There are 2 protein chains.
Amino acid sequence: MAKSVPYKIYLTENELPRRWYNIRADMKEQPDPIINPGTGKPLTQEELSGLFCTELAAQEMNHTDAFIDIPKEVQAFYKMFRPSPVVRAYCLEKALGTPAHIYYKFEGSNTSGSHKLNSAAAQVYYAKKQGITHLATETGAGQWGTALSMACGFFDVDLKVYMVKVSAEQKPYRKAVMETFGANVIPSPSDTTEVGRKILQANPGTGGSLGCAISEAIETAMTTENCRYVLGSVLDHVVLHQSVIGLEAKAALEKYDIYPDIIIGCAGGGSNLGGLIVPFVRDKLTGKANPHIIAVEPASCPTMTRGRYAYDFGDLGGTTPLLKMYTLGAGFIPAANHAGGLRYHGMSPIVSKLYHDGLLDEARAVEQTKVFDAATLFAKHEGTLIAPESAHAVRVAIDEAIKCRETGEAKTILFGLSGTGYFDMAAYMDYRSGEMVDFVPSDEDLERGFASLPTV
Amino acid sequence: MAKSVPYKIYLTENELPRRWYNIRADMKEQPDPIINPGTGKPLTQEELSGLFCTELAAQEMNHTDAFIDIPKEVQAFYKMFRPSPVVRAYCLEKALGTPAHIYYKFEGSNTSGSHKLNSAAAQVYYAKKQGITHLATETGAGQWGTALSMACGFFDVDLKVYMVKVSAEQKPYRKAVMETFGANVIPSPSDTTEVGRKILQANPGTGGSLGCAISEAIETAMTTENCRYVLGSVLDHVVLHQSVIGLEAKAALEKYDIYPDIIIGCAGGGSNLGGLIVPFVRDKLTGKANPHIIAVEPASCPTMTRGRYAYDFGDLGGTTPLLKMYTLGAGFIPAANHAGGLRYHGMSPIVSKLYHDGLLDEARAVEQTKVFDAATLFAKHEGTLIAPESAHAVRVAIDEAIKCRETGEAKTILFGLSGTGYFDMAAYMDYRSGEMVDFVPSDEDLERGFASLPTV
């Protein structure tokens, strides 16, 4: 008889992963290299070490070690907010009347409210170890900035967060959380950088953008003594750190002899999705199993479903190295009314490559009102008010469970619940008041974005 | 050798309590009975059943059954957000350089953000079982309203929450959370009740008060078909439900052969403190152990440290039954700048009686800037941004740990961390900006409150 599965499966502290999984070591074909736009040649680890701290630059380039030790200090930090459970969504299953078994890996049980803390902890630790005293980053909605503030507070590293001005004004409480952890939060564009001053002069009343905030953070990192830049998604070393999500999920399910038929994750920059799926993709690579893996993105920012697989800049200003990825073009701007997160024009090069090679089976775009329908249903039956980003995965998990109701199949569905929505209530209010509308970019909208792609 | 203690001690699902603990059955002297102010005589269960649903009225009167079964449906609801861990505050201990061992029972890992959900689940379940279709309550800061909204959403019971108008205006997001779970949130005073209309007529621009919101909720319960009133603290049946906190904490510590020397809880209406301590007070009653138990309250609302043990109304309007409790008088109004929660004038009759009889060893009043000092230190080292209410307990836990550093004693400290502060950032901002000031009421202030005490 199968073991009875509890509502929540917790690993014990001794069962927590002690190594991250680096899927690049197992991939038959590597993602195309990062290109230095100045030289047109592959970026060297040394070049990357000017921007990021040395260990992170090394991890970014590492395609030989399948497993990389999680430093003891990072393991200790992880124990503050982990284990994060795999939850059996019994109540949602009942509400849907589905024979499917629905599980979710919940990464929202920490003050930053998301999985971002997994990489923030690692990145700040390595900086501290190297003697770096200052870090700079940008944040849009604020989850990454909050996670990094927590890690910098803990490891006692000075942090400047350039927060998109309109976001800082709309979310003063999010800013206050970061400040409580000791971060210096600067609404961007600001007069603290040359690029910021230029933008302010050209656009006096601007509310800023993520592209602008990235440029200010990079300038600060490059011009401040003993300072580095840190990034919360997209890059390989971030997916590496986030592999802890998938490793834990797999280990927790294995305790009950469960293996998922379908794995679902929301995809913005790709760190949450990538972290969740890589250990399962390994099973595909070794022929051990073949789960159906689905990436979910907003219909208003359809990077994988309608984007191109091409080299592109990571930011609007074109100051970053070039990454080969699914992209809508750095010049693509999602509709202003888009409330559901996941607004990034590009996608993690690892996730992009897996999708390109068919190892990530499917990408699906969903409309935001449907996403909030799912979030509201989930809140009522599972008791957690989730981030709009995560609700994309919930939407597709519910859709798949409803299909099972129709076919009578008792499939096992695992999805990643990347975070909570406690600082996203304005979006929930728009949804409830009926002010939220769906937006699907036209082919012409997409062409305008693609026109911004660089020629490499 | 002692077992090595993990950062977080989780009970398994099978180890979760299946019964609540009713300390009244073990108390040598009972608290004085609730009085019907109309008759001047002890309130009967039948009288109470008009206001509360039948099972809760019965629990309120029960002083014979030491253990009361948690219904299966409530156990299932509990599994959505429990087990809640006992956490060893290793990082805080290290930061303080104390030989003390600090543990906290964390009740904030759910969307309502606090322990209130423990009683909300039970109260809504019993109402539903009785066929009650509507519930009415009041909320100030919003934790109770949110918890009740979650339970009503789950059990599909209609809910009206009268939310103090100034709070509803300052916390639109808190209101939005309740609405997402399906509650009807009405800023109080409102024109939906007679008492609300009267107050509005007399004070056109008023921001309302908890006393007024209680009166509106009670009127709604008494005048709406198939409706009952529900209360989130103070009463015996609420402390009964909250005993799950102490039962779990005790069971978790026992797994590692740990027994606390000091137990600390914050005290507003007393439900969190009461729930935490009752299983340990039982050990005092049976002579098994004698931990030092400390209740912590704000210096600006010093119910236990400077109040009187007397009969008083639960609300400002004098519409509730009379309770024998420590009280500052229903007419006592804490300073307007008080941000730290725990503003209630009275205290749970059970907690009051335990304190009066010396079974709750000590009450301590702390000033709010010191409370936020502790909250900020806790955030930095333990990674959780906590509710101002809970920070009162943290303040005293830190003070006791510092004493241990001075004496060299390795005492074991357990405190209750009742909730998170994600919707309390305005208070953190006041603290950081230096706008937060401390306030200690003068003896004259207290005399004005005592003058409102009824003569029984």
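The values are calculated or read from the model by the stated rules, or taken from the named source; none is laboratory data. Here the structure is a predicted model, which means the values were calculated and not measured. All Cβ positions, even for glycine, are placed from backbone atoms using ideal geometry, and neighbour counts span all protein chains on display. Note: areas computed on protein heavy atoms with side chains; ligands, DNA, RNA excluded. Shrake-Rupley method; radii C 1.70, N 1.55, O 1.52, S 1.80 Å.
What the table shows:
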| item | result |
| --- | --- |
| Computed label-point distance, nm, for sites B:LYS255 and B:THR206 using a 7 Å Cα→Cβ extension | 5.0 nm |
| Contact order normalised by residue count of chain B, Cα under 8 Å, 6+ apart, percent | 19 percent |
| DSSP H segments from chain B that extend 24 Å or more along their own axis, Cα-based, with Kyte-Doolittle mean of -0.5 or above | B:236-254, B:388-407 |
| Percent accessible area from carbon and sulfur atoms, segment A:335-412, protein chains only, probe 1.4 Å | 49 percent |
| Amide H partners (placed H, <5 Å) of A:TYR311, local residues excluded | A:MET325 |
| Shielded residues, segment B:75-116 - accessible-area loss of 30 Å² or more between chain alone and all protein chains, probe 1.4 Å | B:LYS79, B:MET80, B:CYS91, B:THR111 |
| Förster radius 51 Å - calculated FRET efficiency between B:LYS129 and A:THR39 (Cβ-Cβ, nearest 0.05) | 0.10 |
| Cα radius of gyration and Dmax for chain A (Å) | 20.7, 71 |
| Cα→Cβ-extended label distance, 7 Å offset, between A:ALA289 and B:ALA426, nm | 4.8 nm |
| Distance in nm between pseudo-label sites at A:ASP399 and B:LYS198 (7 Å out along the Cβ direction from Cα) | 5.6 nm |
| Between segment B:256-297 and segment B:112-161, the alpha-carbon center distance in angstrom | 27 Å |
| Cα lying deepest toward the dipole's positive end in chain B, options B:THR303, B:GLY317, B:GLN59, charges on Cβ | B:GLN59 |
| Segment B:93-146, accessible area per residue, ligands and nucleic acids excluded (1.4 Å, Å²) | 24 Å² |
| Neighbouring partner chain Cβ atoms per residue of A:6-12, average, 10 Å criterion | 5 |
| Rounded percent of accessible protein surface that carbon and sulfur make up, segment A:49-144, 1.4 Å probe | 54 percent |
| Peptide-level mean, for A:380-387, of C-beta atoms on other protein chains within 10 Å | 6 |
| Peptide B:172-179, shielding by other chains (average Cβ, 10 Å cutoff) | 5 |
| For the protein assembly as shown, calculated [θ]222 nm from helices alone, where every DSSP H run of n ≥ 4 adds -39500 (n - 2.57) | -13000 deg cm²/dmol |
| Within-10-Å neighbourhood charge of B:GLY208 [Cβ basis; K, R +1; D, E -1] | -2 |
| Loss of accessible area when A meets B, both sides summed, Å² nearest 100, probe 1.4 Å | 3800 Å² |
| FRET E, pair B:HIS356, B:ARG19, Förster distance 22 Å, beta-carbon r, rounded to 0.05 | 0.25 |
| Amide hydrogen neighbours beyond the local backbone of A:VAL185, cut-off 5 Å, H modeled | A:VAL161 |
| Set of aspartates and glutamates near A:LYS353 by C-alpha distance (under 16 Å), chain-local residues within fewer than 8 positions excluded | A:ASP26, A:GLU29, A:ASP32, A:GLU60, A:ASP236, A:ASP312, A:ASP361, A:GLU362 |
| Average accessible area per residue (Å²) across segment A:234-324 - probe 1.4 Å, nucleic acids and ligands excluded | 24 Å² |
| Selection of chymotrypsin sites (Phe, Trp or Tyr not before Pro), segment A:185-290, meeting DSSP coil and at most 16 other Cβ within 10 Å | A:TYR256 |
| At least 50 Å² accessible surface lost relative to isolated chain, residues of segment A:146-163 (1.4 Å probe) | A:PHE154 |
| Number of Lys pairs (Cα under 21 Å; 8 or more positions apart or on different chains) in segment B:1-125 | 10 |
| Along chain A, longest interval not containing exposed GluC sites (Glu not before Pro), exposed being DSSP loop plus at most 11 other Cβ atoms within 10 Å | A:226-434 |
